[in-house]
Amino acid sequence: MSAFCQHRKNCLKCSTGVPVYLSFVLIVLYGMPEAQGVWPMPQKMSQSSESYLLNPQGFTFQYANDSVAQPGCSVLDEAFRRYFTLIFPGYNGGNARGDLFAVVVNVQSGECDGYPDENSTENYYLLVSAGLGFLKAETVWGALRGLETFSQLVEQDDYDTYYVKETEIVDFPRFPFRGILLDTSRHFLPLPAIMETLDAMAYNKFNVFHWHIVDDPSFPYESYSFPDLSDKGAFHRFTHVYTQSDVQKVISYARLLGIRVMPEFDSPGHTLSWGKGQPDLLTPCYRGKVPSGSFGPVNPILNSSYEFMVRLLKEVSTVFPDSYIHLGGDEVSFTCWKSNPQVRSFMEKMGFGGDFTKLEAFYIENLVNITAALNKTSVLWQDAFDHHENIPNNTVLLVWRGTPPKYHWEMSQMTKAGYRVLLTAPWYLNHISYGQDWRDAYNVRPLNFTGTDEQKKLVIGGEVCMWGEYVDATNLMARLWPRGSAAAERLWSDEEQTSNLSKAYTRLSNFRCRMVRRGIRAEPVYVGYCKHEYKGL
C-alpha cells in the first residue's frame, strides 16, 4: 500500500458513508507486484499482504453521492448484477465468513444511455481497503474496466472463503482500439457463440468487436433494403442468418460490456455471395469474346453498383451506431476485370491504361465518399494504401500482411503519410502451431518501427483476427483464448512492465483458469491443472 494511503482518512473524505477521492495526482505508487490475478496488467498497482474477508451476503455495490451515474444507469446496474456472480463463483446462498463490504463507484462525466465510441475514455482509479472498494472513473466505460479488475482481485481459498487484498490501482489502456475480428461468413456463428466471445473480450478488456459479417461463401446479414442478399446468399435462408433483431441483440449486449461493434462489408472483392441476390452487381468474366458464366468482383463501371452501395451502406450506418464502417478493399483479383471487354473499354476511356489498381482505386474512392456523406469513418485493409489510392487522411488503415520487418515498414510509411493505423498482422490467431504460440502474440512490439513520436501516436491500436475457414462454434473459444489474452495485454498494458515471458506465463496460466471457471473453454497454456476445471456444457 502506498505511504499516502496507509490511513484511509488521508485518501477519502466521507460524507453519509460515501467516500470521495480527493485527487488522482496525489497518489504515490511503488513498484509493480507480480499481480497474479489481474490480466491485462494494470499500468500502476501497489498491493499489501493485508487481506479482507468478503461475505456475499454483506457485499454491495453503491453509487457515490456525487457520481453522475446513479441507480437507473443501465450499463452499471447490469454490471453490478453480472459482477456479483463473477466475484462470488460457486456461491449458493449459504452462510459465509466475512464482514460488510461495499464497492462504491464514482463516475465523473458522460452518460449511461449512449454507446462507447472512438473517443470513450476507459481510465479508472481503484482503492481496496477494509470494508471498502472505491472505484473512480471518468466514464461508465472506465468504471466497467475497473469492475473487471476488482473481480479479478477477489480470490477464494481452499475453505471456500472469499477474500481480497489491500490494493491501489491507477489504470488506463495503452491503445484506445483493441479489437477482435470474427468471421461469420465462412462458418456461421450462432448468437450464443458471439455473446460468449463478447463476455471473454470484456474479461480481457478488449473494446471493439470487428464483425466480418459477410464474404464470398455466404451472406448471413438479413438486409431490410435487399432481403434477397441473405435469402439467396446465406448458407440457409432461415437457420443461418442474422436478423435485424439478432444484430440489435449483439449491439445491445456489447454496449453493456463497453464494446463497440464495427461492421465490415468487404468489397469489391470477397463478394461472390452478394451476386446471388443482387443481379448485375458482379462483373461477368469472359473466356475470349464470350461470357464464361462465372463472376468476379463488384462491377466498378456501372452506376447501378454505386446506387446499390449507397442504399446498403446507408442501411448499415443506421443499423450499426458506431462511427466506423469497415469497407474491406483487400485481395481484389483483377483477372475477371481484365477479361471483360466493357471494363477494358472503360479503363481506356478513363485513361487508366492497363493499371487495374487505378480501377480499384476508382471504386474504393467512391465508397469512401459515400461513407463520408453518411458521417462515418472508413476503415480499409492496407491494400488501399499500397495501391496508392486517393483516400482522405481520416481513413483508418489495417496492416495485415507480412513479418515484423514488413509490417513495421508499412506502419512507418502509413503514419508518415498521416493515416491512423491498426496492427493485425501478427495476431492472425486462426493460424495454429504446436507449443506455446501465445508467446509469439505476446512478444509483438507494435511501435517498434522507424518514425517520430507524432507518427507513433497515429497507431491507435490493433486487433486479433479469427478467420473462419477452419473455425466454427465447436472450436472458436479454445482457438481464441488464452492466446487472444496475450494480445490483450500487449494492447492494454505498459510494454516495459510486461516484457518478461516467465512472469507472464504464471499470470496467464492463472487467468486462463479464471476464464475456465467462468465457463470459457480456453485451451491450456501448458502442463498443469486448474483448481476448478472446466465442467462441460
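The values are calculated or read from the model by the stated rules, or taken from the named source; none is laboratory data. Here the structure is a predicted model, which means the values were calculated and not measured. Glycine gets a Cβ as well: all are built from the backbone with ideal geometry, and neighbour counts include every protein chain shown. Ligands, DNA and RNA are excluded from the accessible area calculation, which covers all protein heavy atoms including side chains. Shrake-Rupley method; radii C 1.70, N 1.55, O 1.52, S 1.80 Å.
Go through Lys165/Lys249; Lys276/Lys314; Lys165/Lys205; Lys249/Lys416; Lys136/Lys314 and tell me which ones have a Cα-Cα distance over 28 Å in this structure. Correct reply: Lys165/Lys249; Lys249/Lys416; Lys136/Lys314.
Taking the Cα centre of the chain as reference, the dipole from Cβ charges on Lys and Arg (+1) and Asp and Glu (-1) amounts to some 400 debye.
Between the Cα long axis of helix 191-203 and the first principal axis of the chain there is an angle of about 50°, rounded to the nearest 10.
Computed extension gain for His388 through Glu155, at 0.36 nm per residue and net of the alpha carbon distance, reaches 78.5 nm.
Between Val104 and Gln62, Gly133, Phe134, Leu135, the built amide H atoms are under 5 Å apart, and every one of these is 5 or more places off in sequence or on another chain.
What fraction of the Cα pairs in region 335-494, stated in percent, has a spacing above 19 angstrom? Tail of P(r) above 19 Å: 63 percent of Cα pairs. For the chain, the longest principal axis of the Cα atoms and the long axis of helix 501-517 meet at an angle of about 90 degrees. Rounded to the nearest Hz, the phi-derived 3J(HN,Hα) couplings of region 266-281 under the Karplus curve 6.51 cos²θ - 1.76 cosθ + 1.60 (θ = phi - 60°) are 6, 7, x, x, 6, 10, 4, 5, 5, x, 5, x, 9, x, 6, 7, where x marks glycine and proline.
In terms of accessible area, using a 1.4 Å probe and ignoring ligands and nucleic acids, Arg344, Arg82 rank largest first as Arg344, Arg82.
When the Cα positions of Tyr52, Gly146, Gln62 are compared along the charge dipole of the chain, Tyr52 comes out farthest toward the positive end, with charges on each C-beta of Lys, Arg, Asp and Glu. Heavy-atom accessible area, probed at 1.4 angstrom with all protein chains present, ranks His431, His388 as His388, His431, highest first. Met350 contributes an accessible area of around 80 Å² to the protein surface, as traced by a 1.4 Å probe with all chains present. Note the listed values (i) 30.0, 101; (ii) 25.0, 86; (iii) 31.7, 94, then indicate which one is Rg and Dmax of the Cα atoms in Å calculated from this particular structure. Structure-derived value, by its label: (ii). Summing Cβ point charges (Lys, Arg +1; Asp, Glu -1) relative to the Cα centre of region 34-109 gives a dipole of roughly 140 debye. Please find the FRET efficiency linking Thr506 to Leu191, where r is the Cβ-Cβ separation and R0 is fixed at 30 Å, and quote it to the nearest 0.05. With R0 = 30 Å, the Cβ-Cβ based efficiency is 0.30. For the residues Lys457, Lys338, Lys205, a 1.4 Å probe over the protein chains yields an accessible-area ranking, largest first, of Lys457, Lys338, Lys205. Summary value for region 207-248: 33 percent relative contact order, contacts being C-alpha pairs under 8 angstrom separated by 6+ residues.
Summed over the residues of region 320-465 and divided among them, the accessible surface reaches 44 Å² per residue at a probe radius of 1.4 Å. The stretch between Thr239 and Tyr529, if pulled fully straight at 0.36 nm per residue, gains 100.6 nm over its current Cα-Cα span. Potential lengthening of the chain between Glu118 and Glu315 amounts to 68.8 nm, from the contour at 0.36 nm per residue minus the alpha-carbon distance. When restricted to Cα atoms, region 424-537 yields an Rg and a Dmax of 15.3, 50 Å, respectively.
On region 401-537, 52 percent of the accessible area sits on carbon and sulfur atoms, based on a 1.4 Å probe. Within region 333-350, name every residue whose backbone N is under 17 Å away from a label modeled 7 Å from Cα of Ser292 along the Cβ vector. In region 333-350, the label zone of Ser292 (backbone N under 17 Å from the point 7 Å along Cα→Cβ) covers 333-344. Rounded to the nearest 20, the size of the Cβ-charge dipole of region 336-431 about its Cα centre is 60 debye, with Lys and Arg at +1 and Asp and Glu at -1. Roughly speaking, what is the centre-to-centre gap between region 263-319 and region 201-258 when only Cα atoms are used, to the nearest Å? After rounding, the separation between the Cα centres reads 20 Å.
Mean separation of Cα pairs under 8 Å and 6 or more residues apart, divided by the residue count, gives the chain a relative contact order of 13 percent. Measure off, as a whole percent, the carbon and sulfur share of the 1.4 Å-probe accessible area of region 303-352, all protein chains present. Taking all protein chains in place, region 303-352 shows 50 percent carbon and sulfur surface.
Converting the Cα gyration tensor eigenvalues of region 256-337 into ellipsoid dimensions via √(5λ) gives semi-axes, longest first, of 30, 13, 10 Å. Residue-wise HN-Hα couplings along region 409-414, as the Karplus relation 6.51 cos²θ - 1.76 cosθ + 1.60 with θ = phi - 60° gives them from phi, are 4, 4, 5, 4, 5, 5 Hz; Gly and Pro carry x. Distances between placed amide hydrogens fall under 5 Å for Lys376 paired with no residue 5 or more residues away or on another chain. Close amide H contacts of Glu463 (hydrogens built in the peptide plane, cut-off under 5 Å, sequence separation of 5 or more or a different chain): Gly179, Leu423, Thr424. Computed with a 1.4 Å probe over protein heavy atoms only, the accessible area of Asp77 comes to about 40 Å².
Per-residue SASA remark: Arg439, around 100 Å² accessible (1.4 Å probe; ligands, DNA and RNA not included). Phi angles of region 392-398 translate, via the Karplus equation with coefficients 6.51, -1.76, 1.60 and θ = phi - 60°, into HN-Hα couplings of x, 6, 7, 5, 9, 10, 9 Hz per residue; Gly and Pro are given as x. Of the solvent-accessible surface of region 167-255, computed with a 1.4 Å probe and all protein chains present, 59% belongs to carbon and sulfur.
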